[in-house]
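Asker: First the structure, which I've put down as structure tokens, then a few questions once you've had a look.
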Amino acid sequence: MTLGIVVFPGSNCDRDVQWAAEGCLGISSRFLWHEDRDLSGLDAVVIPGGFSYGDYLRCGAIARFAPVLQEVVRFAEAGGPVLGICNGFQVLTELGLLPGALTRNEHLHFVCETSELTVQPGSCRWLKGYSNGELLRFPIAHGEGRYQIEADQLPVLEANGQVVLRYRHNPNGSVADVAGICNPAGNVLGLMPHPERACDPATGGIDGQRLLAALLG
Amino acid sequence: MPSSAPQPDYPLDAALKKENLSRADYDEICRRLGRAPNRAELGMFGVMWSEHCCYRNSRPLLAGFPTSGPRILVGPGENAGVVDLGEGQRLAFKIESHNHPSAVEPFQGAATGVGGILRDIFTMGARPIALLNALRFGPLDDPRNVGLMEGVVAGIAHYGNCVGVPTVGGEVAFDPSYSGNPLVNAMALGLMETDQIVCSGAEGVGYPVVYVGSTTGRDGMGGASFASAELTEASLDDRPAVQVGDPFLEKGLIEACLEAFQTGDVVAAQDMGAAGLTCSCSEMAAKGGLGIELDLDRVPAREQGMTAYEFLLSESQERMLFVVRPGREDALMARFSRWGLQAAVVGRVLQENVVRVLQHGQVAAEVPASALADDTPINHHELLAEPPAAIQAHWRWSESDLPTAGAAGINGLSWSEVLLALLDDPTIASKRWVYRQYDHQVQANTVVPPGGADAAVVRLRPQQGEGSLSAAKRGVAAVVDCPNRWVALDPERGGMAAVAEAARNLSCVGAEPLAITDNLNFPSPETPTGYWQLAMACRGLSVACTALGTPVTGGNVSLYNETRLPDGAMQPIHPTPVVGMVGLVHDLGRLCGLAWREPGDAIWLLGVPLAEARDPRVSLAATSYLERLHGQVTGRPPLTDLDLETAVQAAVRSAIAGGLLASAHDLSDGGLGVAAAECCIASGLGASLDLPSPADAHRLDRLLFAEGGARILVSVSAAQAGAWQQVLDAAAAALPAQRLGVVSADPTLAIRAGDQELLQVPVSRLVSVFEQAIPRRMASGIPPTA
């Protein structure tokens, strides 16, 4: 079991994901530089948080053209598990692997705190370790995490069971309290909260361990 | 008297005014050069001889600081101080101000302040692991101050969050003296990743000089000179002197620099902060006793047609200068290209001790490095023999000037209402509105986040390489502190208190205080009072640092923090010597927070006991209570008893190490009443306190809200009560301690004195006032600009 961790010049949670995977859970990992194309030997790919290429245009808008991501799209389309955290979620929506978009928080401020989430795992492979309706505590840290989608598409997402994570107390104005969504096939998950910051009892609880460890067994 | 110095070929008076140089400076420059400086050279002297770069007003005072100790590896003079943490780990840390830029352009001013202090850290070969900041604003009932605070906090958040360094702590205070001249001090900590500490002195004659990072543009022209002048309405026209930061570039610069330093190919490094290329070249040359030749035609420029003057004085951000081993420059530059950064060989090291600047094949400037950087002029000021009259008048205030204060309260307010009024003071209230905007968790090492304890704690787990994938047992704690009201009323006592409080805060989490970095934010030193404040505050800092064993490893001086009001009067800030202190946590398993832990735990007050008799170490003078409830900033703050501080702090650290304490919180603004309320707020638990009857039944405010006395409020579980009692018995008189009450499951803070009830407030009420004080004031403000 080896996890690929995408690294853009502006990624800043890449090492945190490595720490959560290797340091806290004993899952081996490999960094994927944004210019790389070699995904061989990987069982899953994580696009971590950060600011990819600076995000001056729009979060993730430039990152979608990165060579490594062309390979990640192929990997996902072949059924490979892909996880986008925070900026990684933004990138997944820009890539079209997940619907909708993340925009500036409603109150316009960056927000860093612990959020309470309810999980409805459905067919999401990343969330199979959680029970339906379970309450989780994950840290959030973002300025552009307000999930938006066309009004007529939201019922489709809901009907498909793709809204797998919701905030109990909406911190950013996301439609329908959306914190994370999954693709219909269940292999691609994007979420604004940081599960990798909830794997270490010394710093932020352990509610995220089952998410990153989902692919172990 | 007409000057005998040679006349230049440009209008001299206007040029001197622009460079903030005096006629005497000009004469000295001519003497050192043996000729008149050309315009570019004059600009180089202007920035190098500013207070910002050469401490021309404060240097004699800084010389009195203790700067050495067993753990000090690098003291003042390099980009940052470095302390030895043992077990092969070394910590670089420093604080720096960005006050003037933030006053005119709060978002970019604050953002680039963060970028600048980070470069000071990683230039040494250390990876930044934490940021803190100390901020001062005018009152939030003025929309201008609300806008400044919005912009400053958003700017710090923008840069720190993007660059991936957690902002883990800080302090924010408000006073009318900061209206129009906010203070923005940023502190950074870094863990050394290289075996050798990278220093700035050039070596190796003929070695290539390599420029890396961002391009050079016309932004930030003359920022160092700008930072060393007072602010006026016209200062808004100086916005071009404020730089624009790019944290994304800086993120790459951190990675590329640390990679480059690992190779050992970089023999010297200097970041380009204030005074840009001028400062980096002359510092590297002067420190190495060599020279540097710089070819401006090879400097990566972001606009065309820049003059030598503009190249030399640009403060474009995210740039560094290296001296590199010959033959290694191509491999080094490739590293930077991989991160999307500029890299170019722009010059070479010379045997001759000059800074020689070439442009278009001609010498555009040539100045002996020592003429710029060594023996820089000192502005001598006379120290007042006794305190200024206004200060002496404040010192005559006494508590008996206040109305009587019995059990019912004061001025028609109950003690419950007084406590709530203090919790509503933005200086005391929760800073959640601020730190919620900072990513305080990135790097996955933040063990104690903002608001959790008296100091932030970061685990000492490296971000890469050896040890990065195993949980570390040790941590570093850090705080920034300055009781500016005390300093304004007695700079010497205030300076001592700043150091004592910082050490007390570290001790309350269980950390051993190691060393400080200081940021001296002061008004003009050219008035007798201004210089007296600076001199006395430095004396206070020195005395306390010596007594507490925390040497000064460097810092920053920011003078001329004053605003010329429209009517022409000058409004100086409170003198604000911010102390940034770091401490070592030997065992992260034995940390202490400020929240009560369990109902039934005993609550003890350490330090000067309550109420037995008048004690000069505790007073209502200069307190938050006096300002907030009586509208007076007056009185003489109490003298810090450094022996008592040492004893109390050592006892608390040792008790935390032994696992005896459930919580610890120091008494600061608002005294016992506020400290007890904060422990309740943080835990959601109540407390029932029985204070001794005071000697003076009409001075109950002294019991509740007096400040000073090296005091710490701790709680002890029933299981540890016996061991704690043994500690107290063994220490006897050396550790004054009073048992005040117990933590209660009933969420109410109840305080009695003798048989009289003083106050009783539901914790939910404490929480709502404490948490809403800043948000409700900000709500009327304008949204951030970016």
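The values are calculated or read from the model by the stated rules, or taken from the named source; none is laboratory data. Predicted model only: the values in this text are computed from it and were never measured. Note that each Cβ is placed from the backbone with ideal geometry, even for glycine, and that neighbours are counted across all protein chains shown. For accessibility, only protein heavy atoms count, side chains too; no ligands or nucleic acids. Shrake-Rupley method; radii C 1.70, N 1.55, O 1.52, S 1.80 Å.
Asker: Has the stretch B:317-328 got at least one residue that is outside any loop (DSSP other than H, G, I, E, B) and surrounded by fewer than 19 Cβ atoms within 10 Å (Cβ to Cβ)?
Answerer: No: zero hits.
Asker: Additional query: Inside the stretch A:113-217, counting only strands (runs of 3 or more DSSP E) that do not spill past its ends, which hold 1 or more residues that are of a type in the set (Asp, Glu)?
Answerer: A:134-142
Asker: Continuing with this model, one more query. Could you go through the stretch B:458-473 and let me know if any residue there is under 30 Å from residue B:574 (Cα atoms), of a type in the set (A, V, I, L, M) and within 13 Å of chain A (Cβ to nearest Cβ).
Answerer: No, the stretch B:458-473 has no match at all.
Asker: Let me ask something additional. So which residues in the stretch A:106-141 are crowded, with 18+ Cβ neighbours inside 10 Å and within 9 Å of another protein chain (Cβ to nearest Cβ), if there are any at all?
Answerer: Scanning the stretch A:106-141 gives A:109, A:110, A:111, A:112, A:139, A:141.
Asker: So which residues in the stretch B:453-466 are of a type in the set (Gly, Ala, Ser) and open to solvent by 30 Å² or more (accessible area, probe 1.4 Å)?
Answerer: The one that is of a type in the set (Gly, Ala, Ser) and open to solvent by 30 Å² or more (accessible area, probe 1.4 Å): B:465.
Asker: I'm trying to understand the selection: among the residues of the stretch B:12-22, which are open to solvent by 30 Å² or more (accessible area, probe 1.4 Å) and under 17 Å from residue B:57 (Cα atoms)?
Answerer: Matches in the stretch B:12-22: B:20, B:22.
Asker: Look at the stretch A:197-217 and say how many of its residues are open to solvent by 10 Å² or more (accessible area, probe 1.4 Å) and within 12 Å of chain B (Cβ to nearest Cβ).
Answerer: 7
Asker: Another one. Whether any residue in the stretch B:2-11 is open to solvent by 20 Å² or more (accessible area, probe 1.4 Å), without any contact (Cβ under 8 Å) to a residue 60 or more places away in the chain and in contact with an Asp or Glu (Cβ under 7 Å, 6 or more places away or on another chain) is what I want to check.
Answerer: yes
Asker: Another one. Pairs, please: C-beta under 8 Å, at least 6 apart or cross-chain, first residue open to solvent by 10 Å² or more (accessible area, probe 1.4 Å) and in the stretch B:148-159, second of a type in the set (Phe, Trp, Tyr)?
Answerer: Note: pairs meeting the criteria are B:148/B:137; B:154/A:110; B:154/B:107; B:158/A:110; B:158/B:107.
Asker: Moving to a separate point now. Out of (1) at pLDDT below 95; (2) polar (S, T, N, Q); (3) touching a strand residue (DSSP E or B) at 6+ places or on another chain (Cβ under 7 Å), the odd one out for residue B:20 is which?
Answerer: The number of the failed condition is (3).
Asker: Name the single residue, out of those in the stretch A:1-13 being open to solvent by 10 Å² or more (accessible area, probe 1.4 Å) and more than 9 Å from chain B (Cβ to nearest Cβ), that is nearest to residue A:102 (Cα to Cα).
Answerer: For the stretch A:1-13, the residue satisfying everything is A:7.
Asker: Let me ask something else. Within the stretch B:568-620, track down each residue that is under 23 Å from residue B:742 (Cβ atoms) and open to solvent by less than 20 Å² (accessible area, probe 1.4 Å).
Answerer: Hits for the stretch B:568-620 are B:592, B:594, B:596, B:601, B:602, B:603, B:605, B:606, B:607, B:608, B:610.
Asker: Of all residues in the stretch B:256-296, count the ones that are within 28 Å of the chain's Cα centre (by Cα), surrounded by fewer than 23 Cβ atoms within 10 Å (Cβ to Cβ) and over 19 Å from residue B:374 (Cβ atoms).
Answerer: Of the residues in that region, 1 qualify.
Asker: What single numbered condition from (1) under 22 Å from residue B:693 (Cβ atoms); (2) part of a helix (DSSP H, G or I) fails to hold for residue B:626?
Answerer: For residue B:626, the failing item is (1).
Asker: Filter the stretch B:46-93 down to the residues that are of a type in the set (Ser, Thr, Tyr) and at positive phi and list them by number.
Answerer: B:55 - this is the single residue of the stretch B:46-93 that is of a type in the set (Ser, Thr, Tyr) and at positive phi.
Asker: Can you tell me which residue within the stretch B:400-449, out of those that are open to solvent by 20 Å² or more (accessible area, probe 1.4 Å) and under 30 Å from residue A:205 (Cβ atoms), is farthest from the other protein chains (Cβ to nearest Cβ)?
Answerer: Among those residues, the one meeting the criterion is B:431.
Asker: If you don't mind, there's one more thing I want to ask. Conditions: (1) in contact (Cβ under 8 Å) with a residue 12 or more places away in the chain; (2) more than 27 Å from residue B:623 (Cβ to Cβ). Residue B:726 meets all but one. Number of the miss?
Answerer: (1)
Asker: Hey, another quick one. Out of the stretch A:159-185, which residues are at negative phi, away from every other protein chain (no Cβ under 14 Å) and open to solvent by 40 Å² or more (accessible area, probe 1.4 Å)?
Answerer: Answer for the stretch A:159-185, where residues must be at negative phi, away from every other protein chain (no Cβ under 14 Å) and open to solvent by 40 Å² or more (accessible area, probe 1.4 Å): A:159, A:160, A:166, A:168, A:170, A:175, A:184, A:185.
Asker: Tell me which residues, restricted to the stretch B:510-531, are part of a helix (DSSP H, G or I) and open to solvent by 10 Å² or more (accessible area, probe 1.4 Å).
Answerer: B:528, B:529, B:531
Asker: Of all residues being more than 10 Å from chain B (Cβ to nearest Cβ), touching a Pro at 6+ places or on another chain (Cβ under 9 Å) and among the charged types (D, E, K, R) in the stretch A:16-72, which is surrounded by the most Cβ atoms within 10 Å (Cβ to Cβ)? Just the residue, please.
Answerer: My answer is A:36.
Asker: Is it the case that the stretch A:186-196 has a residue that's without any contact (Cβ under 8 Å) to a residue 40 or more places away in the chain, over 19 Å from residue A:48 (Cβ atoms) and either within 14 Å of chain B (Cβ to nearest Cβ) or touching a Cys at 6+ places or on another chain (Cβ under 8 Å) (or both)?
Answerer: Taking every residue of the stretch A:186-196 in turn, none turns out to be without any contact (Cβ under 8 Å) to a residue 40 or more places away in the chain, over 19 Å from residue A:48 (Cβ atoms) and either within 14 Å of chain B (Cβ to nearest Cβ) or touching a Cys at 6+ places or on another chain (Cβ under 8 Å) (or both).
Asker: Out of B:590, B:614, I need the residue that is more than 23 Å from residue B:689 (Cβ to Cβ) and among the charged types (D, E, K, R). Which one?
Answerer: B:590
Asker: For residue B:97, state whether it is under 30 Å from residue B:24 (Cβ atoms) and buried (at least 24 other Cβ atoms within 10 Å of the Cβ).
Answerer: The answer is yes for residue B:97.
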